[in-house]
Amino acid sequence: MVINQAPEPGKGVQQDTCKHATSEIILIPQPTEDPSDPLNWSMSKKIIILALVSISAFIGIAQALANQSGFFAQAELYNKNPIQISYSISAAIAGLATGPFIWTLLSKSVGRSSCIFWGLLGTLGCGIWSATMTGTNDYISFVISRWLAGTFGSAPSTLGAGTVLDMFFLHQRGKAFACYTLCTLFGTQIGATLSGFIVEYAPWPVQFWWTVGLEGLMAILVFLFLEETGFSREGNARTYAEPPHSWLRNRVATFFPGNPVSPQERAGGKHNLLALCLVAISPVTLLAGTFLLLTFGWAVAVATLLSVFLQTPKEEGGYGFSPLQVSCFTFTNWVALFAAQVYGILLNDRIPIWFCRRFRRGMWEPEIRLFPVLLVPMVLLPVSLGLFGAGLQYHLHFMVLALAVFLGGFCENILIPVTINYVVECFTDYAEEVAAILNFFRLSLGLTVPFFIKHWEEAVGLGWVFGMMAFLALFAFSLMGLLAWKGALIRQYSVAHLRKSEDGMRLIAQREVMAI
């Protein structure tokens, strides 16, 4: 079968010479005839690799936030207040925010799979370190261990974006990114939940021991089954050596440095620090990153400080929750995440494909990806922040806070995979770079909030702290609306050799468009 090369934007392709997923959907990108092409792998193999990367990302995040409900127990040991103990979470988030830049650059030399494997082993070691910091004077060492744990744990949550792009076609990526990203975000929820149950019935170091076991299990599974998804495809800037066919030699080549599974050529010096910086300052990246900064950043703040708000004694204006009650409260986040997962699986591909067919005559453009974000979250996220602030200021029933947390979590878990998917599809040669940059934007505000929220509260009151967050979130959605409206023009202001995308390619067969 003849495979046409990718057309220039706006020109389309002749669908009768292209491979199709169905009679309606044209495969983008077009797979080669090589069975080792990840696009040609069976769906079961793709799902196994996606699951390995997603669960590794999940545990990398979960272990970083594993002591989220144990602040008060550790405060007594270290003679610190709960806010000071929360700095250990901030240190872990700092590692999660900055570590991706290290892993992105390192993966160009040793491969993604190797980084994920050694990152898992690093988090395992840091988990043991944290669990043994049980002395009164171990506070500083404990915080350092959490920073390193976040740095190591960030590897799979960064490098999975490139894996998704390598294995899945355009019409499948919405669901794939939703599964991968929401599995990652689930790590932020389970850490807080299990933390409360553990400190209620067991010593606080157990918060870290359960993560050590899961990290060890995932390291074994990754070593046994994870494969590199890089492939030498026509038009790509990267060339890959063929991996060994022997299982043992393949494992050695995949996971140990000095073996040829990483890109062998980098046209024009791509995939280096300069490329990372150029992607970071591209207008599309800056707008999308600011959007995440002003939306998800507040979610990190709420998640980090919720335990403090709920466990503060009633006479001091809190709710007097025990760690166990805080853990039960966090099941609200679980429900929100599962609801967002259903939303993403059902709509993240369907809405763009429908819009492409109905309003673009079957021609694809990346901005179509953004419409699921502009439906429900734009309304509900500011409402949830305002409701949360009002609940705290007027000390409303904790179920009001639960409703606000559910609405906010639902919206924030919707917008992350869509935003990452969109920017990745604007720079298809730089998936890891995009993931690292957007991850930094997503976490940087939440990292700093615990250090200034007390002064912010004293200046304007707790209600208006979250009220101002709501107005800033509305402003952030205006940036996303600008991208949806003028994104094609804005993309032209990126460096020319970076902006490789699937813009202008025909996704819907011409005969199906004519039938509308």
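Read the figures in this text as sums done on the coordinates, not as results from a lab. Quick caveat, the model's predicted, so the values are computed rather than measured. Glycine gets a Cβ as well: all are built from the backbone with ideal geometry, and neighbour counts include every protein chain shown.
About the Cα centre, and with charges only on the beta carbon of Lys, Arg (+1) and Asp, Glu (-1), how big is the dipole of the chain? Nearest 20 debye, please.
720 debye
Given the rule -39500 (n - 2.57) for each run of at least 4 DSSP H residues, summed and divided by the residues of the chain, what is its mean residue ellipticity at 222 nm, to the nearest 500 deg cm²/dmol? Could you put the intermediate results ahead of the total?
Details: 18 runs with 351 residues, N = 516.
When only DSSP H runs of four or more count, the value is -23500 deg cm²/dmol.
Excluding Ile140 itself, what net charge comes from residues whose Cβ is under 15 Å from its Cβ, given Lys and Arg +1 and Asp and Glu -1?
The answer is +1.
Only counting other Cβ atoms within 10 Å, I'd like Val252, Val423 sorted with the fewest neighbours first.
Fewest-to-most ranking of Val252, Val423: Val252, Val423.
Restricting to Cα pairs below 8 Å that are 6+ residues apart, what does the relative contact order work out to for the chain? Please round to a whole percent.
Answer for the chain is 23 percent.
Could you calculate the contour length gain from Asn250 to Lys486, that is, 0.36 nm times the residue separation minus the distance between their Cα atoms, to one decimal place in nm?
Contour length minus the Cα-Cα distance gives 80.4 nm.
Set the Förster radius R0 to 22 Å, insert the Cβ-Cβ distance between Asp37 and Thr17 as r into 1/(1 + (r/R0)^6), and round the FRET efficiency to 0.05.
E(calc), rounded to 0.05, equals 0.75.
Between Phe355 and Phe338, 0.36 nm times their residue separation minus their Cα-Cα distance comes to what?
Working: separation 17, 0.36 × 17 = 6.12 nm, distance 2.53 nm.
Full-extension gain reported as 3.6 nm.
Which of His245, His497 comes first, and how do the rest follow, when ranked by fewest Cβ neighbours within 10 Å?
Ordered by Cβ neighbours within 10 Å, fewest first: His245, His497.
What's the magnitude of the charge dipole for region 270-504 around its Cα centre, counting Lys and Arg as +1 and Asp and Glu as -1 at the beta-carbon? Answer in Debye, nearest 20.
660 debye
Given 5 Å bins starting at zero, what is the percent of C-alpha pairs of region 270-504 in each, up to the one with the largest pair distance?
Reading upward from the zero bin: 1, 7, 14, 17, 17, 14, 11, 8, 6, 3, 2, 0, 0.
List the residues of region 202-219 whose backbone N lies under 17 Å from a point placed 7 Å from the Cα of Ser322 along the Cα-to-Cβ direction.
Counting only backbone N, you get 202-204.
Just tell me, in residue order, which DSSP H segments of the chain are both 18 angstrom or longer along the helix axis (alpha-carbon based) and at least -0.5 in mean Kyte-Doolittle hydropathy. Mind showing how you got there, number by number?
Working: long enough: 43-64 (31 Å, 1.66); 82-110 (41 Å, 1.00); 112-131 (28 Å, 0.95); 139-167 (44 Å, 0.79); 170-201 (47 Å, 0.54); 206-225 (29 Å, 1.71); 283-311 (42 Å, 1.81); 331-347 (24 Å, 1.47); 377-393 (24 Å, 1.48); 398-426 (42 Å, 1.73); 431-460 (42 Å, 0.72); 462-491 (40 Å, 1.62).
The answer, listed by residue number, is 43-64, 82-110, 112-131, 139-167, 170-201, 206-225, 283-311, 331-347, 377-393, 398-426, 431-460, 462-491.
Beyond 39 Å, how much of the Cα-Cα pair distribution for the chain remains, as a whole percent?
When all Cα pairs of the chain are counted, 24 percent exceed 39 Å.
If each residue's Cβ is checked for other Cβ atoms within 10 Å, how do Ser246, Ser113, Ser86, Ser232 rank with the fewest at the top?
With the fewest neighbours first, Ser246, Ser113, Ser86, Ser232 line up as Ser246, Ser232, Ser86, Ser113.
For the chain, the longest stretch holding no GluC sites (Glu not before Pro) located in a DSSP loop with at most 11 other Cβ atoms within 10 Å is which?
Numbers: sites that count: Glu33, Glu234.
Counting at most 11 other Cβ atoms within 10 Å as exposed, the longest clean stretch of the chain is 235-516.
Among the listed pairs Lys108/Lys486; Lys108/Lys175; Lys80/Lys314, which have their C-alpha atoms separated by more than 25 angstrom in this model?
On the way: Lys108/Lys486 33 Å; Lys108/Lys175 27 Å; Lys80/Lys314 20 Å.
Flagged as over cut-off: Lys108/Lys486; Lys108/Lys175.
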